[in-house]
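Notes for the one structure printed next.
The values are calculated or read from the model by the stated rules, or taken from the named source; none is laboratory data. Values in this document were obtained by computation on a predicted structure and should not be read as measured data. We place every Cβ from the backbone using ideal geometry, glycine too, and count neighbours over all the protein chains shown. Note: areas computed on protein heavy atoms with side chains; ligands, DNA, RNA excluded. Shrake-Rupley method; radii C 1.70, N 1.55, O 1.52, S 1.80 Å.
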Amino acid sequence: MIKSRPLAATIIMLGGIIALVFGIGLAVSFGAADIPFAVVWDAIFNFNPEINEHQIIQESRLPRVLAGAMVGACFAVSGAIMQGMTRNPLADSGLLGLNAGSGFVIALCFAFFPGMPYMYLIMYSFLGAGLGAGIVYGIGALAKGGLTPVRLVLAGAALSALLSALSEGIALYFRIGQNLAFWYAGGVAGTKWIQLKVMFPWIVVAIIAAIILSRSITMLSLGDDIARGLGQRTNLVKLACTIVVLVLAGSAVSVAGAVGFVGLIVPHLTRKLVGVDYRWIIPCSAILGSLLVVFADLGARMVNPPAETPVGAIIALIGVPFFLYLARKERREL
């Protein structure tokens, strides 16, 4: 019997949505210049381009905060799918090389195709995520004893270091370091409405696909043999899951850069709260991931105003100890 807690999941989703709306309001209101909630409300529903505060909210803060919510959902859901599909509690798009792969291909685009429209940039980001995933799984599969959680993470760490070094080399040679600095640090500052309009349909379709696949992911999390015994076409399901993960990770990296650990922390905590049924894990992870990035971005702005701390650094303060804790639990598989 699959252990699940539908009541806890329902409470998390309802409470999470309320908290997310509240967090978005806070994040839009607070910053280098604090703006009252009444002005925020007026700027959203009665926009006046002649009022400076309205311009700040509509052109800077609102797209930034909404991008944070989308990025958090993307990383969290992709991490949940990867952990369920591979039965690997250490699986995460950042740890397994997807983020570094996307960043490397984006560096190539900046170097050789400057001024590329964002629609094409996001497509190349998908390809980069696929490149990273393919190499990591290939390296892991060649190891004696096959794929184990720790071997996958080690292969991902090695590939991420290599691709990051190559990206930095490209940045230095072609003098595009300033353009890539944003992707190195990770964050949603400077996000524009055009980016949200391009990524939103991809994210919606991918998350809906993840929810549709959630029952099959639950079966996969029990093991391939059990999944086949329950009538699952495991290879087809894994292919569909991989495509969804690449779309989610590629979309998030193309906007926010290499923000790590969201896909590691959120799904793990969600399983602790709602059980192992992915029909609940995926939507709860999406909401909690959005909450994490929105509040982390708010914290990044409040640490040392008016300067900003990278969101990736804020989340890493939580993620690194959490990763070490999980790695310690998995040490027997080395």
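Just to be sure I understand, how many residues within the range 302-320 are open to solvent by 20 Å² or more (accessible area, probe 1.4 Å) and either assigned to a helix (DSSP H, G or I) or among the polar types (S, T, N, Q) (or both)? Residues meeting the conditions: 10.
The condition of being within 30 Å of Met119 (Cα to Cα), open to solvent by 30 Å² or more (accessible area, probe 1.4 Å), in contact (Cβ under 8 Å) with a residue 24 or more places away in the chain and within 16 Å of the chain's Cα centre (by Cα) holds for only one of Leu288, Leu248, that being Leu288.
Rundown of residues vs (1) buried (at least 18 other Cβ atoms within 10 Å of the Cβ); (2) modelled with pLDDT under 90, yes/no style:
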| position | (1), (2) |
| --- | --- |
| Met119 | no, yes |
| Ser125 | yes, yes |
| Val136 | yes, yes |
| Arg151 | yes, yes |
| Ile176 | no, yes |
| Trp193 | no, no |
| Val205 | no, no |
| Ser216 | yes, no |
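On the stretch given as the range 276-292, residues that are under 15 Å from Ala19 (Cβ atoms) and β-branched (Val, Ile, Thr) total 1. For the criterion of being touching a Leu at 6+ places or on another chain (Cβ under 6 Å), in a helix (DSSP H, G or I), open to solvent by less than 40 Å² (accessible area, probe 1.4 Å) and in contact (Cβ under 8 Å) with a residue 12 or more places away in the chain, Ala227 fails. Could you tell me whether the range 188-199 includes any residue that is assigned to a helix (DSSP H, G or I) and in contact with a Gly (Cβ under 7 Å, 6 or more places away or on another chain)? No, that holds for no residue. For the range 257-269, the criterion of a residue being open to solvent by 30 Å² or more (accessible area, probe 1.4 Å), under 13 Å from the mean Cα position of the chain (by Cα), on the phi < 0 side of the Ramachandran plot and among the small types (Gly, Ala, Ser) is satisfied by at least one position. For the range 84-101, the criterion of being farther than 20 Å from Lys329 by Cα, open to solvent by less than 10 Å² (accessible area, probe 1.4 Å) and at pLDDT 90 or above is satisfied by at least one residue.
From the list Val28, Val21, Val40, which one is without any contact (Cβ under 8 Å) to a residue 40 or more places away in the chain, touching a Lys or Arg at 6+ places or on another chain (Cβ under 7 Å) and either open to solvent by 70 Å² or more (accessible area, probe 1.4 Å) or in a helix (DSSP H, G or I) (or both)?
Values: Val21 fails: touching a Lys or Arg at 6+ places or on another chain (Cβ under 7 Å); Val40 fails: touching a Lys or Arg at 6+ places or on another chain (Cβ under 7 Å).
Going through Val28, Val21, Val40 in turn, just one is without any contact (Cβ under 8 Å) to a residue 40 or more places away in the chain, touching a Lys or Arg at 6+ places or on another chain (Cβ under 7 Å) and either open to solvent by 70 Å² or more (accessible area, probe 1.4 Å) or in a helix (DSSP H, G or I) (or both): Val28.
Can you say whether Val71 is closer than 30 Å to Arg151 by Cα and without any contact (Cβ under 8 Å) to a residue 60 or more places away in the chain, as far as the supplied structure shows? So Val71 fails the test.
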